[in-house]
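Each remark here refers to the structure printed beneath this line.
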Amino acid sequence: MISNVVCHRDQKDNIYPRKEREENKIDGVVALIMALGRQMAPSDDQTPVLDSDYQLMVV
């Protein structure tokens, strides 16, 4: 599934996932990206969830 995803950069230099071919499925990868973004975002009290020196490695 992850091999179906390609990075696309628009004119404003935003990067987002795209399907290389129409029949490919990327739902799982998009869900993973959204979950990682939610985990890394500050909580409601604006305290960061992760330390500033935290490094993320996706295998």
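Listing for the model above:
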{"read-out": "Residue check, Asp13 more than 22 Å from Gln55 (Cβ to Cβ), modelled with pLDDT of 90 or more and acidic (Asp, Glu)", "value": "yes"}
{"read-out": "Subset of the range 23-59 [of a type in the set (Asp, Glu) and modelled with pLDDT under 90]", "value": "Asp44, Asp45, Asp51, Asp53"}
{"read-out": "Tabulated pairs, the range 27-43, first farther than 18 Å from Tyr54 by Cα and in contact (Cβ under 8 Å) with a residue 12 or more places away in the chain, second assigned to a loop (DSSP other than H, G, I, E, B) and of a type in the set (A, V, I, L, M), C-beta under 7 angstrom, 6+ apart or interchain", "value": "Gly28/Met1; Val29/Met1"}
{"read-out": "Residue selected from the range 2-28 under the condition part of a helix (DSSP H, G or I) and polar (S, T, N, Q), by the criterion surrounded by the most Cβ atoms within 10 Å (Cβ to Cβ)", "value": "Asn4"}
{"read-out": "Top-ranked residue in the range 29-44 [being over 11 Å from the mean Cα position of the chain (by Cα) and loosely packed, with under 10 Cβ neighbours inside 10 Å; ranked as nearest to Val6 (Cα to Cα)]", "value": "Ser43"}
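The values are calculated or read from the model by the stated rules, or taken from the named source; none is laboratory data. No experiment lies behind these values; they were computed from the predicted model shown. With ideal geometry, Cβ positions are generated from the backbone for all residues, glycine too; neighbour counts draw on all protein chains shown.
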